[in-house]
Amino acid sequence: MNKTLSLKQEIAYAAGMIGWSTMTNIIIVMLPYFYLPPSNAGLPPLVPQLVFLGAFNILSIIAASGRLVDAIFDPFIASKSDASTNPNGRRMPFMKVAILPAMLFCALVFYPIQKGESLHNAWWLTLTLCLFFVSVTTYIIPYNALLAEVTNTPRQKVKLSSYQQVGFVIGIILSACTNNFADLVQHNFHVANRSEAVQIAIWALCILSGLVMLLPIFFIDEKQFSVAKPTHVPLWPAIKSTFKNSNFKYYLISDFAFYTALSIISSGLLFFCTVLLGLPESEGGKFMGAMVMASLLFYPIVNFGSAKIGKKPFVLAAFGVLCLIFVTIFFLGKLPFGPYTQIYLLVLSASFPLAALGILPTAILADIAQKDTIETGENHEGMFFAVKYLFVKLGQTLGIAIFAMLTIYGKDPGNDFGLRLNGVVGFGLCLIALLFFSRFKENKE
């Protein structure tokens, strides 16, 4: 039996997720707001609101193109990591080389070539997004594959997944507070231009992300903890073998639907606050913080409860609550409460799904990957996580694309129907996730 991580090493491992989550969520939260802001944001639009085929605007196409490159690269990096014979380990060497370019290209996404509406900005955004996704994928695929290799029991997987999820939600909070940090930059450094203040805030967050992504590399010696051997299965057979697992297919579809819905909420948060509820944009970070702090209260319940009755009931309950939340989004600003009551009702209701769907799916997938390794004799945990994160990223991209597409039907005060339609789409996605995961067969051993 291989060694297990100490508490310090578990925290260091989770810190890597803070960096990845912060940068990817900066893209999700800030990209639509920065390039196609609402009329009351104080920011200029940077790409034309061109519409193709009556539904696709230019921002949705750019986001999709970046993820298409990522989709091709995901299984490639997983295959290389799974098959690596590097004496320093199969995972850490890839993670090391990814950090600096991920920081650089995340920041450059928000440095358009021209300061006004321009197609040149669209091409620049496409290039920098592609390079960012490729860089950050080179980190996250090996990072997640490591979880299955440094844990020995389902309980250890849930525990490490819990720490990892804390890192993920810290990243969400930091990214949601980008505008708050931009306020601090403007007030303390006398930066008059709002766009420049946002850019400086994003640079600071990218540097912080890179530093915390180094912590797993410094504190965990992969060769001491992982006894996994390089896999000899070629790339495409390895991908196909993951899809032969019926449990994995049900898991994958529900996970994809969930991340699409989550991306819609993240992309729309600033719009929901400023347009539907008439609140300042700087309040968005506070609401996200309240949701995350409330979700921490559910962590012990999810950990102990899933050990007693299984993970599946908690996941299904979380999807059910999310369906109700998206119905509420459709009626935001029209409910018989004040705007602050409405938004806090929404974010506090989301705290249980955030906890359950943050902790359990990663642990469930680690179980699936480990069971497959035992049955096949091949260690391709990286491929399972690559396919998962391919669909996570496709879901995140589809969420941004759906949100951007729906802005065609209204994204400004007094013309907000497009924002409300996100509630309808999100409800449908969460219902799909619930129905498919209900067919998942949980092994409770």
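Just a yes or no: is a residue in segment 103-121 in the same structural domain as M17 (by the TED database), more than 20 Å from the chain's Cα centre (by Cα) and open to solvent by less than 20 Å² (accessible area, probe 1.4 Å)? Break it down into steps so the answer makes sense when it comes.
Residues of segment 103-121 in the same structural domain as M17 (by the TED database): 103-121.
After this cut, where a residue has to be more than 20 Å from the chain's Cα centre (by Cα) as well, the list is 111-121.
Those still in the list that are open to solvent by less than 20 Å² (accessible area, probe 1.4 Å) too: 118, 121.
Yes; the residues of segment 103-121 include at least one that is in the same structural domain as M17 (by the TED database), more than 20 Å from the chain's Cα centre (by Cα) and open to solvent by less than 20 Å² (accessible area, probe 1.4 Å).
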If you take the residues of segment 407-420 that are more than 19 Å from I58 (Cβ to Cβ) and free of Cβ contacts under 8 Å to residues at least 60 places away in the same chain, which of them is most open to solvent (accessible area, probe 1.4 Å)? F417
Selection over segment 149-202 where residues are among the aromatic types (F, W, Y) and modelled with pLDDT of 90 or more yields a count of 1
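It is to be established whether one or more residues within segment 340-348 are aromatic (F, W, Y), within 20 Å of L421 (Cβ to Cβ), open to solvent by 40 Å² or more (accessible area, probe 1.4 Å) and assigned by the TED database to the domain that holds A257.
Step one: of segment 340-348, the residues aromatic (F, W, Y) are 340, 344.
Going one step further and asking which of them are within 20 Å of L421 (Cβ to Cβ), we end up with none.
No: segment 340-348 contains no residue that is aromatic (F, W, Y), within 20 Å of L421 (Cβ to Cβ), open to solvent by 40 Å² or more (accessible area, probe 1.4 Å) and assigned by the TED database to the domain that holds A257.
Please find, within segment 368-381, the residue that is modelled with the lowest pLDDT out of those that are among the polar types (S, T, N, Q) and surrounded by fewer than 24 Cβ atoms within 10 Å (Cβ to Cβ). Can you show your working first?
At the first step, the residues of segment 368-381 found to be among the polar types (S, T, N, Q) are 370, 373, 376, 379.
Filter again for surrounded by fewer than 24 Cβ atoms within 10 Å (Cβ to Cβ), leaving 370, 373, 376.
Working: Q370: 74, T373: 71, T376: 66.
The selected residue is T376.
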Could you give every pair whose Cβ atoms fall below 7 Å, whose first residue belongs to segment 303-316 and is among the aliphatic types (A, V, I, L, M), and whose second residue is in a loop (DSSP other than H, G, I, E, B) and open to solvent by 30 Å² or more (accessible area, probe 1.4 Å), counting only separations of at least 6 or pairs across chains? L316/S438
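So which of Y163, Y143 is open to solvent by less than 40 Å² (accessible area, probe 1.4 Å), assigned by the TED database to the domain that holds L31 and either part of a helix (DSSP H, G or I) or under 24 Å from L354 (Cβ atoms) (or both)?
None of the other options fit; the residue is Y143.
Every residue in segment 273-288 that is in contact with an Asp or Glu (Cβ under 8 Å, 6 or more places away or on another chain) and either aliphatic (A, V, I, L, M) or modelled with pLDDT of 75 or more (or both), please. Give the steps one after another, and end with the answer.
Going through segment 273-288, the residues in contact with an Asp or Glu (Cβ under 8 Å, 6 or more places away or on another chain) turn out to be 273-276, 282.
Once the filter is applied, which keeps residues that are in contact with an Asp or Glu (Cβ under 8 Å, 6 or more places away or on another chain) and either aliphatic (A, V, I, L, M) or modelled with pLDDT of 75 or more (or both), segment 273-288 yields C273, T274, V275, L276.
Given the structure, is S161 under 28 Å from S79 (Cβ atoms) and polar (S, T, N, Q)? Walk me through it before giving the result.
Numbers: under 28 Å from S79 (Cβ atoms): yes; polar (S, T, N, Q): yes.
Judged against the criteria, S161 is a match.
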Given the criterion buried (at least 23 other Cβ atoms within 10 Å of the Cβ), under 27 Å from A148 (Cβ atoms), in contact (Cβ under 8 Å) with a residue 24 or more places away in the chain and not charged (D, E, K, R), identify the matching residue among F391, F352, F384. F384
Go through segment 389-432 and report how many residues are under 16 Å from Y35 (Cβ atoms) and acidic (D, E). 1
Selected residue (criterion: farthest from P37 (Cα to Cα)) from residues of segment 242-265 that are of a type in the set (S, T, N, Q) and open to solvent by less than 10 Å² (accessible area, probe 1.4 Å): T242
Contacts under 9 angstrom Cβ, first residue in segment 178-189 being under 22 Å from I28 (Cβ atoms) and among the charged types (D, E, K, R), partner open to solvent by less than 70 Å² (accessible area, probe 1.4 Å) and modelled with pLDDT under 90, 6 or more apart: D183/S282
Segment 291-320, residues that are of a type in the set (A, V, I, L, M), assigned to a helix (DSSP H, G or I) and surrounded by fewer than 17 Cβ atoms within 10 Å (Cβ to Cβ): M293, L296, I301, A307, I309, A317
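When you scan segment 317-339, how many residues do you find that are free of Cβ contacts under 8 Å to residues at least 24 places away in the same chain and among the aliphatic types (A, V, I, L, M)?
Initial filter on segment 317-339 (free of Cβ contacts under 8 Å to residues at least 24 places away in the same chain): 334-338.
From what's left, among the aliphatic types (A, V, I, L, M): 335.
Qualifying residue count for the region: 1.
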In segment 328-339, how many are part of a helix (DSSP H, G or I) and either loosely packed, with under 14 Cβ neighbours inside 10 Å or of a type in the set (S, T, N, Q) (or both)? 1
For segment 67-83, does any single residue satisfy the condition of being closer than 22 Å to A404 by Cβ, crowded, with 20+ Cβ neighbours inside 10 Å and in contact with a Pro (Cβ under 9 Å, 6 or more places away or on another chain)? no
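The values are calculated or read from the model by the stated rules, or taken from the named source; none is laboratory data. In this text, all values refer to a predicted model and were calculated from it rather than measured experimentally. Positions of Cβ are generated from backbone atoms using ideal geometry, with glycine treated the same way; all protein chains shown enter the neighbour counts. Ligands, DNA and RNA are excluded from the accessible area calculation, which covers all protein heavy atoms including side chains. Shrake-Rupley method; radii C 1.70, N 1.55, O 1.52, S 1.80 Å.
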